[in-house]
Amino acid sequence: MKGNEVIAHAAIHCGCDGYFGYPITPQSEVMETLMEEKPWETTGMVVLQAESETASINMVYGGACTGKRVMTSSSSPGVSLMSEGMSYLAGAELPCVIVNCQRGGPGLGTIQPSQGDYFQACKGGAHGDFHLIVLAPNSVQEMYDHVGMAFDLAFKYRNPAMILADGAIGQMMEKVVFGPQKPRRTDEQLAKEEPWAATGKGADGKGRKKGNIITSLELKSEVMEVINQRLQAKYRAMEENEVLYEAIECDDADYVIVAFGSSARICSATVEMARAEGIKLGLLRPITLYPFPTKVIADLAKRVKGFLSVELNAGQMVEDVRLAVNGAVPVEHYGRQGGMIFGPEEILEALKKKLIK
Amino acid sequence: MEKVEIKQENLVYAKPRLIKDNVMHYCPGCSHGTLHKLVAEVIDELGMEDKTIAVSPVGCSVFAYNYIDVDWIQAAHGRALACATAAKRLHPESLVFTYQGDGDMSAIGTAETIHAAARGENVVAIYVNNAIYGMTGGQMAPTTLLGMKTATTPYGRDPRLNGYPYKIAEMMAHLDGVSYVTRQSVHTPANVRKTKKALEKAFKNSLNKGGFSLVEVVATCNSGWKQTPVASNEWLEQNMLPFYPLGDIKDTIK
Ligand SMILES: Cc1ncc(C[n+]2csc(CCOP(=O)(O)OP(=O)(O)O)c2C)c(N)n1
Ligand SMILES: [Mg+2]
C-alpha cells in the first residue's frame, strides 16, 4: 500500500473521530482513501473536504476543542496556510494530528519530495513561543504506526502533533501490518477523560456548574507569562520523556550520519557501502524531530570524529545537530533541493570530502 | 454593593439565569450587551444550557465567554464557522452557534462563512453588524457606509478609494444550504422582541437539522461612531437601516 493510503487506514483503526482536509499533491490519497472507505458507516468517523487548509485546520481546532480525536493532512504550501491554526492549537493546549507530506519549495515549488519544512515543523512555524510534537516516519509501516502514536502523545500533553513525512514516503508502496480496530470513544468516555473539553455542560450526565472555555486569549501579561511557563514546562517534559531515535552501527563509529525520514533510508545504504570500504560509519535517525535527540548526539560527540547531517534541504536539522555537538567535533551538511534526491554513493563521496578528507 | 431584596410581586425584570455576574467590558450603549441577554434567554428557554457549544471569534465579542455561562470555543479571527462546522458534525445533537462581528464574518472570514452556509451546516451564525471594527479602535469594515468616517477613512468612505459596502446576508440567501436569513436590530424594545423571536426560530431550525441560519443584527458602536448612545440609535435608524433594511430575507424552514 501507499504511505498516504496507510495514513487513512491508521486513522480509522486508531479510533479517530474526524478528518478535515483539502487536496494537494503529493498527499491527496489520504482523503481519497477515507472517502472510499466510508468510515462514517462503520466507526462513525466524520470525514469532510474543506474549502481550504485554513478551514481544515480550524475545523480541527473546533473538533479538538470538544475533546475529539481529529486530524488533517496536507503538503507544504497547505501547511503554511495552517500555521495560524497550529499556533492557536498550541496556545489553547489542544490535541490533534497534522500530517505534512512535504514537497519542494519555496512557493508553489515542486510536487517532488523534500525536507524543506524542518524549520517550520520543529521551530514552531507560526507566531508565539511554541512547539509541535514532530514525528518523522521512514517507511510505510511507520506512516501507519505514527498516526496512533501521534494521537497518544497529543492527548498526553494536550499539544498538536505533526507527522513530518515527504512525497517519497507518501507515494511509496510497501507491505504494512495493520493493528486492531480500536473503537471510537463514546461521548460518556470523552466527558470523563477530557473534563476540560467544550462538549456542552451536560456531557458528563450530571451537568457541570460552569461552562468550559477553550481560548488562547489572555490580556493580563502576568497571567499570560504563567501560561507560557506552563507550555515550556510541557516541552521540557517532552524532551525528558519522549525522545525516539534509531541508532545503526553507531557503537564503534568514527563518523555518524544524522538523517530522518526518506533521507535516512538512503543513508542506511551509505553505511553499508562505507563499512565495506572499512570506514566506520554509523547512522543516527531521529524518529522524534521535536523533541530532538540532543543528548544522544552530545554523547556520541564525545567519541566520534565528526557528523554529517544529510537532509533534502539546504541545511536545517544540521543546526540542531551543531547545537547538540556544541563544537566538540566538526558537523557538516549534505543536501539536495527542489525535489532532487541523493543516492547513497553521492552521500559517501560527500562524507569523504567534507569530513574524512 | 448592598444587596436589595425585591418582592416577587414587584419583579418585572431579572438578569437571565445564564448571564454571569462578571462586569461587562462593552461600552455603555453598545448593542452587544442587549444581544447577549437575548441569546442567554433563548438558550435557557429552549432547555439547551447543557447541550450548547458556542463559538466566539475575534472582535469586541471575543469575551462573550465571560458573560454567557455555556461551553465556549474561542476561534481565530474569521474562522468561527469552520470551528462550528466540526463541533456540530462531531456533536450532532448539540446547539452550535457562532457570534461574529461584521469584520470577522464579511472580511477575514468570508470564505469560511460562505462555505459553511453552502454546505448547509446545521448551525446558527449571529452576525453583529456595526459597520466598523469596534475592537481595534474603529477602522473601516466591509460594511462601513459610503461617506462614513472611521479611523482608516478619516475623510469618509470613498468608493473610488475604499470600494463599496456589501450585504453578506443577501449573498448568503442565494445558497441552497441556507434556510433562514433575517436582519434585525436591538435599538428599540419592539426590535429587541423581534430579534429574540428570530433567534428562537434560528436555534430551533438548527436543532431540527433544517440547514444553516443567519441572524444579522444591525448594531450601534457609539464609541467607534463617536456619538452618544442616544444619537447612535438615531443614526442607526437614519443611515444604517435604509442600506441594511430589517426583516426576513429568506425563510424556507418547513
Ligand atoms: C488575524 C488577525 N488579524 C487582525 C486582528 C485584529 N483584530 C481584532 S478584532 C478586529 C476587528 C473586529 O471587527 P468586527 O468583527 O466587526 O467586530 P467588532 O469589534 O466590531 O464587534 C481586528 C481586525 C486579529 N485579532 N487577528
Ligand atoms: Mg464590527
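The values are calculated or read from the model by the stated rules, or taken from the named source; none is laboratory data. Worth saying up front: this structure is predicted, and the values here are computed from it rather than measured. So basically every Cβ, Gly included, is an ideal-geometry build from the backbone, and we count neighbours across all protein chains shown. These accessible areas exclude ligands, DNA and RNA; they are computed on the full protein's heavy atoms, side chains included. Shrake-Rupley method; radii C 1.70, N 1.55, O 1.52, S 1.80 Å.
Tell me which of these residue B:244 doesn't satisfy, since it passes every other one: (1) under 22 Å from residue B:164 (Cα atoms); (2) open to solvent by 10 Å² or more (accessible area, probe 1.4 Å); (3) within 16 Å of ligand 1 (Cβ to nearest atom).
With (1) under 22 Å from residue B:164 (Cα atoms); (2) open to solvent by 10 Å² or more (accessible area, probe 1.4 Å); (3) within 16 Å of ligand 1 (Cβ to nearest atom) applied to residue B:244, the lone miss is (2).
Which of the residues spanning the stretch A:145-182 are among the small types (Gly, Ala, Ser) and buried (at least 20 other Cβ atoms within 10 Å of the Cβ)?
Residues of the stretch A:145-182 that are among the small types (Gly, Ala, Ser), as a first pass: A:148, A:150, A:154, A:161, A:165, A:167-168, A:170, A:179.
Hits for the stretch A:145-182 are A:150, A:154, A:161, A:165, A:167, A:168, A:170.
Quick test for you: out of B:161, B:146, pick the one residue that is away from ligand 1 (no atom under 12 Å from the Cβ) and touching a Pro at 6+ places or on another chain (Cβ under 8 Å).
Working: B:161 fails: touching a Pro at 6+ places or on another chain (Cβ under 8 Å).
Just a single option satisfies the conditions, and that option is B:146.
Any idea which of B:80, B:40 is under 20 Å from residue A:214 (Cβ atoms), within 15 Å of ligand 1 (Cβ to nearest atom) and either at pLDDT 95 or above or crowded, with 16+ Cβ neighbours inside 10 Å (or both)?
B:80
Determine, yes or no, whether residue A:51 is at the interface with chain B (Cβ under 7 Å from one of its Cβ atoms) and open to solvent by 30 Å² or more (accessible area, probe 1.4 Å).
Values: at the interface with chain B (Cβ under 7 Å from one of its Cβ atoms): yes; open to solvent by 30 Å² or more (accessible area, probe 1.4 Å): yes.
So residue A:51 passes the test.
Quick check on my filter: what residues within the stretch A:163-215 are assigned to a helix (DSSP H, G or I), of a type in the set (Asp, Glu) and within 11 Å of chain B (Cβ to nearest Cβ)?
Filtering the stretch A:163-215 for residues assigned to a helix (DSSP H, G or I) gives A:167-171, A:187-193.
Applying the additional criterion that residues be of a type in the set (Asp, Glu) yields A:187-188, A:193.
A:187, the sole residue that qualifies.
When you scan the stretch B:193-207, do you find a residue that is more than 16 Å from ligand 1 (Cβ to nearest atom), over 21 Å from residue B:61 (Cβ atoms), open to solvent by 60 Å² or more (accessible area, probe 1.4 Å) and in contact (Cβ under 8 Å) with a residue 60 or more places away in the chain, even just one?
Yes, the stretch B:193-207 contains a residue that is more than 16 Å from ligand 1 (Cβ to nearest atom), over 21 Å from residue B:61 (Cβ atoms), open to solvent by 60 Å² or more (accessible area, probe 1.4 Å) and in contact (Cβ under 8 Å) with a residue 60 or more places away in the chain.
All but one of (1) away from ligand 1 (no atom under 16 Å from the Cβ); (2) open to solvent by 60 Å² or more (accessible area, probe 1.4 Å); (3) without any contact (Cβ under 8 Å) to a residue 60 or more places away in the chain hold for residue B:152, so report the exception by its number.
Here residue B:152 clears every test but (1).
Can you tell which of A:98, A:111 is surrounded by fewer than 23 Cβ atoms within 10 Å (Cβ to Cβ) and closer than 20 Å to residue A:261 by Cα?
On the way: A:98 fails: surrounded by fewer than 23 Cβ atoms within 10 Å (Cβ to Cβ).
None of the others qualify; the one that does is A:111.
Residues of the stretch B:117-149 being open to solvent by 10 Å² or more (accessible area, probe 1.4 Å) and within 12 Å of ligand 2 (Cβ to nearest atom), which ones?
Hits for the stretch B:117-149 are B:130, B:133, B:134, B:135, B:136, B:137, B:139, B:140, B:142.
Looking at (1) more than 10 Å from chain B (Cβ to nearest Cβ); (2) open to solvent by less than 10 Å² (accessible area, probe 1.4 Å), which one does residue A:68 not meet, given that it meets all the others?
Exception for residue A:68: condition (1).
Does residue B:125 satisfy being under 20 Å from residue B:204 (Cα atoms), part of a strand (DSSP E or B) and more than 11 Å from ligand 1 (Cβ to nearest atom)?
Values: under 20 Å from residue B:204 (Cα atoms): yes; part of a strand (DSSP E or B): yes; more than 11 Å from ligand 1 (Cβ to nearest atom): yes.
The answer is yes for residue B:125.
Does residue B:168 qualify as being within 15 Å of ligand 2 (Cβ to nearest atom), crowded, with 17+ Cβ neighbours inside 10 Å, away from chain A (no Cβ under 14 Å) and over 30 Å from residue A:188 (Cβ atoms)? First the steps, then the outcome.
Working: within 15 Å of ligand 2 (Cβ to nearest atom): yes; crowded, with 17+ Cβ neighbours inside 10 Å: yes; away from chain A (no Cβ under 14 Å): yes; over 30 Å from residue A:188 (Cβ atoms): yes.
When the stated conditions are applied, residue B:168 passes them.
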